[in-house]
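Report on the following structure.
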Amino acid sequence: RDDKPLQDVEPAMAKPAAKLTSPDRVVFPDDSISKGEVAAYYQGVARWLLPELIKRPLSLVRCPAGIAVTCFFQKHHNASFGPKVFAIELRESDGRGEYLYVKDIDGVLALVQMNTLEFHPWGARVDAPDKPDRLVFDLDPAEGIAWTDIKAAAREVHDRLVQVKLRSWVRLSGGKGLHVVVPIRRGPDWAQAKAFCEAFAETMVAQAPLHYVATASKVARKGRIFIDWLRNTRGATSVCSWSLRARPGATVAMPLSWDELGRTRSAATYDLKKALRRARTLTDDPWQGFSQVRQALPKF
Ligand code: ATP
Ligand code: MN
Ligand code: MN
């Protein structure tokens, strides 16, 4: 079925892709990026993206008329997603809801066909949604905080985690801040994970109250970095590594090694084109060890 010469075909494109309608429709108007280019992006980064999101409940940011019009957050399954997008019934605040997940690139592309730009997985997998396997400290800087201070905050989170024998990995959000991600061995429930993260954040704040804050209140956050530990509750999500952001510039949430972090200038360092280039040329996983590490959530 492939009549193109093989060397012109990306590895991920060797598989038949979901049918994509309106590939020329412009999605990022300032950057002249089309729906077809978004699909090609996700195919091009599949090798790095898929391990981060398959078999996890997903929330989506969908922008049917492009990012300049209306985008919406969606967490529920819809039959229109087709056979490559799976439903999972989960308990939620009022009863039960059908959540969604994918198993492969075809599932991702089926969601792109439905105008998904951002992918936000849970920190738990569909076989045990009540047992988190990764925690996220989402560092949200107030207006005017210097990038060097945001990087220093992430390193401080890293160093404090080392003190409780936890390894962590860092990601540019593609927006303003950084995410420090901590894989944990499954066992504790969400309440226990959340309690750990809250206590961890509160300790950092207690020791540097002029720099950090652990409450979401806008006033308290002024001039400080909000250590957003609230991502670690049942049903909460964080943007997936390698996901595009539905923001001007078509930025990407990018996983980095701690060494690479030092060389960045902002959380929006990577856009679609740079990320695609990085995916093609990367040899070593910037998150080396992340998926192999087995570490228990400590008492805190
Ligand atoms: P930034 O660096 O600009 O803060 P971010 O992705 O960390 O980018 P946040 O606003 O801090 O953005 O949100 C953290 C996470 O919370 C998001 O990645 C997303 O998964 C989730 N989130 C944000 N807004 C919503 C929403 N309206 N509904 C559900 N989840 C959301
Ligand atoms: Mn954030
Ligand atoms: Mn946040």
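All of A206, A236, A152 fail the test of being within 30 Å of R91 (Cα to Cα) and either within 16 Å of ligand 2 (Cβ to nearest atom) or in a helix (DSSP H, G or I) (or both), apart from A236. V126 meets the stated requirement of being among the β-branched types (V, I, T), within 21 Å of the chain's Cα centre (by Cα) and more than 16 Å from ligand 3 (Cβ to nearest atom).
On inspection, A216 qualifies as surrounded by fewer than 20 Cβ atoms within 10 Å (Cβ to Cβ) and either within 16 Å of ligand 3 (Cβ to nearest atom) or assigned to a strand (DSSP E or B) (or both).
I want to confirm something. Restricting to segment 219-246 and keeping residues that are small (G, A, S) and more than 11 Å from ligand 3 (Cβ to nearest atom), which single residue is modelled with the lowest pLDDT? If we take residues in segment 219-246 being small (G, A, S) and more than 11 Å from ligand 3 (Cβ to nearest atom), then A220 is modelled with the lowest pLDDT. Of all the criteria given as (1) among the aliphatic types (A, V, I, L, M); (2) crowded, with 22+ Cβ neighbours inside 10 Å; (3) touching a residue at least 60 places away in the same chain (Cβ under 8 Å); (4) outside any strand (DSSP E or B), the one not satisfied by I145 is (2). Residue count for segment 186-221 under the criterion of being more than 19 Å from P298 (Cα to Cα) and more than 16 Å from ligand 1 (Cβ to nearest atom): the result is 8.
Among the residues of segment 174-185, those that are crowded, with 17+ Cβ neighbours inside 10 Å and more than 16 Å from ligand 1 (Cβ to nearest atom) comprise P183, I184. The set of residues in segment 148-165 that are more than 20 Å from the chain's Cα centre (by Cα) and of a type outside the set (V, I, T) comprises D149, A152, E156, D159, R160, L161, Q163, K165. The number of residues in segment 91-141 that are modelled with pLDDT of 95 or more, part of a loop (DSSP other than H, G, I, E, B) and of a type in the set (G, A, S) comes to 3.
The values are calculated or read from the model by the stated rules, or taken from the named source; none is laboratory data. This structure is a prediction, so every number in the text was calculated from the model and none was measured. Cβ: placed from backbone, ideal geometry, glycine included. Neighbour counts: every protein chain shown.
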